[in-house]
Amino acid sequence: MQIQMLDFVVVGAGFFGAVFAHEIKKAGKKVLVIEKRDHIGGNCYSYDDPATRINIHQYGPHIFHTPDKNIWNYINFFTEFNDYRHRVKTTAGGKVYSLPINLDTINQFYSLNLKPEEAAAFLKTKTGAVSRPTNLEEKAISLVGRELYEAFIKGYTAKQWGCDPRELPPEIIDRIPVRTSRNDAYYNDHYQGMPRGGYTPIFEKLLQGIDLELRTDFFNRRDYWKSIADKILYTGPIDRYFDYRFGRLTWRSIRTEIEAMPCDDYQGISMMNYADREVPYTRIVEPKHFYRERAHLTRGTVIIREYPHDDPAEPYYPVGLKADREMLARYQRAQADEKNVIFGGRLAEYRYYDMHQVIAGALRTVEKLTGAELWPKKASSNEGS
């Protein structure tokens, strides 16, 4: 391809890169997106399984949820959402419980019949006095007590992150609420749903009319890409950008096993966690349940077993051990020398962002560069709770 001088080369076609490219092009800038994979969408890439017609999230399930009315309005320009509300069950010790831990979980586990206020008082007798938790285990015990932690959190966490929970920062557990009501919704966010056509069509709309090169690794021709653009927007792993000069950050990945099942419904819910350490996978996803409005169009069902593992070539989740946090600070200081490079997104910032946070970050980045307010923040007909 013959390319004239560009304003931006965007490295990565996930949410941060795609939203940035879409908005910067609207601002009149010349932009090219390069992506090392053979598809757009990053880890949100999805496709319709030809045999069952079920939409599969190739890199693990992505449930869109946000408390931000403006981000909800923004993403709805690119897709229509169904009314899916995420609910999860967990198997522990051969029994199935509600997750996150709520009143039903507590009563079932302890063979009690507590009311909400009684459950709150009961948990206080279990949690001890950890005023300033320094790791995930201490934080979890301070919320639910050791018995519930051992049953539902410890084994799953060790599998998911590949280390002792005492090595992990306490804020990881903040993503999961603890309730003494019977509310079994996984997220508290008012705005939730699944894009009716899957995630890939969102990226097709975001990148419509934008030059795109797939199967293109930025690092194979780094100097070339820098030579043809005023600025680089980089969304890959931050340690990889600096050639691991301060060491390799700890990332966690997922290996999946997809199996078609000769039945209409395998587990009755989209996601079943497996809390016991002895079970090698962390959860089984049945994606048919994400799109119940399409059930009459599908044939049979599909289940996906998830096995967390280490794969430096496919980083998913930043782990954030103490050594990682110290290393990250050095990489962040090194960014000051990269005058024409912008770092953004989960991998480049080494932060465990949700999708709506990545979108918001991309919009803020464009606003800073252009000085224009991208989203007028009009009132929505659906007020958040």
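So here's what we get for this one:
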{"read-out": "Residue in the stretch 292-313 that is among the basic types (Lys, Arg) and over 26 Å from His62 (Cα atoms) present", "value": "no"}
{"read-out": "Top-ranked residue in the stretch 226-269 [being of a type in the set (Asp, Glu) and closer than 30 Å to Ala13 by Cα; ranked as surrounded by the fewest Cβ atoms within 10 Å (Cβ to Cβ)]", "value": "Asp243"}
{"read-out": "Flag if Gly247 is out of contact with any Lys or Arg (no Cβ under 8 Å at 6 or more places or on another chain), under 30 Å from Glu147 (Cα atoms), of a type in the set (Gly, Ala, Ser) and in a loop (DSSP other than H, G, I, E, B)", "value": "no"}
{"read-out": "Glu137 vs. criteria out of contact with any Lys or Arg (no Cβ under 7 Å at 6 or more places or on another chain) and of a type in the set (Asp, Glu)", "value": "no"}
{"read-out": "Filter result for Asp337 (in contact with a strand residue (DSSP E or B) (Cβ under 9 Å, 6 or more places away or on another chain) and either buried (at least 21 other Cβ atoms within 10 Å of the Cβ) or not aliphatic (A, V, I, L, M) (or both))", "value": "no"}
{"read-out": "Qualifying strands (runs of 3 or more DSSP E) (wholly inside the stretch 30-96; at least 2 residues being more than 16 Å from the chain's Cα centre (by Cα) and over 27 Å from Ile254 (Cα atoms))", "value": "31-34"}
{"read-out": "So Lys124, is it among the basic types (Lys, Arg), outside any loop (DSSP other than H, G, I, E, B) and at pLDDT 95 or above", "value": "no"}
{"read-out": "Flag for Tyr45 being outside the structural domain of Ile342 (by TED's automatic domain parsing) and surrounded by 19 or more Cβ atoms within 10 Å (Cβ to Cβ)", "value": "no"}
{"read-out": "Which listed residue, of Arg215, Arg146, Arg166, is surrounded by 14 or more Cβ atoms within 10 Å (Cβ to Cβ), of a type in the set (Lys, Arg) and out of contact with any Ser or Thr (no Cβ under 6 Å at 6 or more places or on another chain)", "value": "Arg146"}
{"read-out": "Filtered residue count, the stretch 192-212, keeping only those that are more than 30 Å from Glu293 (Cβ to Cβ), surrounded by 13 or more Cβ atoms within 10 Å (Cβ to Cβ) and in contact with a Lys or Arg (Cβ under 8 Å, 6 or more places away or on another chain)", "value": "1"}
{"read-out": "Which listed residue, of Gly17, Gly41, is closer than 30 Å to Ile269 by Cβ and modelled with pLDDT of 95 or more", "value": "Gly41"}
{"read-out": "Residue match in the stretch 270-288 (condition: in contact (Cβ under 8 Å) with a residue 60 or more places away in the chain, buried (at least 21 other Cβ atoms within 10 Å of the Cβ) and assigned to a helix (DSSP H, G or I))", "value": "yes"}
{"read-out": "Selected residue [over 18 Å from the mean Cα position of the chain (by Cα), charged (D, E, K, R) and closer than 30 Å to Gly344 by Cα] from Asp310, Asp239", "value": "Asp239"}
{"read-out": "Within the stretch 85-123, tally of residues that are of a type in the set (Asp, Glu), over 28 Å from Pro280 (Cα atoms) and either touching a residue at least 24 places away in the same chain (Cβ under 8 Å) or in contact with a Cys (Cβ under 9 Å, 6 or more places away or on another chain) (or both)", "value": "1"}
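The values are calculated or read from the model by the stated rules, or taken from the named source; none is laboratory data. Just so we're clear, the structure is a prediction, and the values are computed from it rather than from any experiment. Because the Cβ atoms are built from the backbone with ideal geometry, glycine has one as well, and the counts that use them run over all protein chains shown.
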